[in-house]
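Participant: One structure is given below, represented as structure tokens, and several questions about it will come after.
Where a number appears in this text, it was derived from the coordinates with a stated rule and is not lab data. Owing to the predicted nature of the structure, the values given are computational and were not obtained by experimental measurement. For neighbour counting, all protein chains shown are included, and Cβ atoms are generated from backbone atoms with ideal geometry for every residue, glycine included.
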Amino acid sequence: MFVTFVKKLKEMRKTILFFVLLLCMFGVSSAVKSQVRILDEETKKPVPFATVTEKAQLVCYSDTAGCIKLPTDGNAEITIQDVAYQTYEGKVKDVPKEVILKPLNYNLNDIEVKASHPDYIQLKGYFRNYEVNSEKNDSTLKCYADGIVEYFIPINGGGVKHRLIEYRSFRKKSSQDKDSTSMMNSLDLFGTKVPKMSSDEPFPKETKFSKYQITNDGRLMVKDVLAGTVRTDSLHRKLMSINMLAPRDKYSLSIFGLVSVAWYKDIRTVYAKMKNNSFSWSGFISQSEYQKWEAKVRKKHDIIVDEYSEFYVQEHDYVSKDDVKKVKMTSSDKVPDGQNYTSPYWNDTYIPRNSYYVENMLGKMMKTISK
């Protein structure tokens with residue numbers, strides 16, 4: 001009997017050992033799969049700060065080595081986006097160990113200073129801004145807007161003016177809109193708007209970009225912290241991508257203890273070095289901003305929103321104060337509900353496409369509104 005027991009014990013040990021080996025193999029396989037790197041197609045160098053989303057909700061950013069962490073669900077569809085590259089999409093189980101991103105090609109010409117007294121730099125381009133309700137497991141698109149906008153940025157500092165030229169704006173009505181208190185609405189934090197621009201950029205004082213260093217391998221360092229990358233494009237121009245908040249900062253706001261708002265944001269910008277000029281507004285190409293908002297009324301959970309905002313330049317120019325006075329500016333950052341456009345501006349090739357998930361939700365929203 002004892003001998004029989006020992007035999008069974010040995011057989012059980014073999015079985016357990018077999019399953020342990022299987023688990024180890026699976027673990028190694030999973031670990032290898034999770035070591036996904038994002039690389040530049042031309043330079044084969046890592047792409048840091050790329051945004052990974054699932055159902056329009058942020059999963060992670062790529063680190064300094066271009067590595068990302070994938071969701072555990074193999075059937076989950078992720079989107080990898082960077083303001084300087086074409087969008088990548090795919091299921092987790094199909095993502096290769098190395099994701100190669102194709103750089104966007106920018107065909108901006110050098111600016112000719114036509115104004116006798118240039119006081120402003122004028123930027124014209126495409127923008128889009130949308131918010132995703134992140135409170136539910138299945139995120140929903142709250143609102144979406146895009147359009148063509150002009151910015152007038154004072155060269156010597158000061159307030160930035162803008163003119164909204166064309167736009168389309170969609171909003172999903174929900175019970176939450178009715179239940180939100182007037183105090184929350186008065187904050188005017190949510191809803192589609194044109195991207196913010198500051199005359200301090202591209203090197204804002206608070207991030208002390210005036211003391212940046214560029215390494216031999218194309219990394220932009222600020223106080224020994226990776227803050228961006230520099231590469232040469234197909235036209236042999238230097239392109240600099242900057243992560244304006246590296247590491248990302250978190251902000252909070254409280255109004256009389258009744259309303260509290262917490263949020264963090266990350267801003268990516270791309271500049272081209274034109275001829276002998278340094279990186280400046282004259283070489284500004286694009287900007288991408290991500291914010292996550294969490295708002296509470298009287299310490300009760302109310303709203304969680306992921307907000308995405310992008311701007312891609314079409315034209316640069318210098319203008320004088322007299323020229324600016326002749327332009328009828330738009331007074332509010334908010335994009336009006338409805339549509340006002342003459343052509344499908346959103347189909348231009350220089351604009352990276354939305355993720356399939358956002359585009360699908362946008363299509364459903366448009367159909368609902370059109371009924």
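Participant: Using a Förster distance of 30 Å, how high is the FRET efficiency between VAL297 and LYS69, based on the Cβ-Cβ distance and rounded to 0.05?
Facilitator: 0.35
Participant: Next up: Take LYS44 and VAL160, extend 7 Å from each Cα along the Cα→Cβ direction, and tell me the distance between the two endpoints in nm.
Facilitator: 3.8
Participant: Once label points are set 7 Å from the Cα along Cα→Cβ at both LYS124 and THR87, what is their separation, rounded to one decimal in nm?
Facilitator: Between LYS124 and THR87, the label points sit 2.6 nm apart.
Participant: Relative contact order for segment 279-371: what percent, with Cα pairs under 8 Å and sequence separation of 6 or more?
Facilitator: Contact order relative to length: 19 percent.
Participant: Also: Give, in nm to one decimal, the length gained when the segment between LYS196 and ARG237 is fully stretched (0.36 nm per residue of separation minus the Cα-Cα distance).
Facilitator: Details: separation 41, 0.36 × 41 = 14.76 nm, distance 2.66 nm.
Value of the extension gain: 12.1 nm.
Participant: Here's a follow-up. How much length would be gained if the chain were fully extended between LEU58 and TRP263, taking 0.36 nm per residue of separation minus their Cα-Cα distance, in nm to one decimal? Kindly include the intermediate steps, with their values, before the conclusion.
Facilitator: Numbers: separation 205, 0.36 × 205 = 73.80 nm, distance 1.37 nm.
Once the chain is fully extended between LEU58 and TRP263, it gains 72.4 nm.
Participant: Just to verify a number: FRET efficiency for TYR350 and GLU98, C-beta to C-beta distance, R0 = 25 Å, to 0.05?
Facilitator: 0.45
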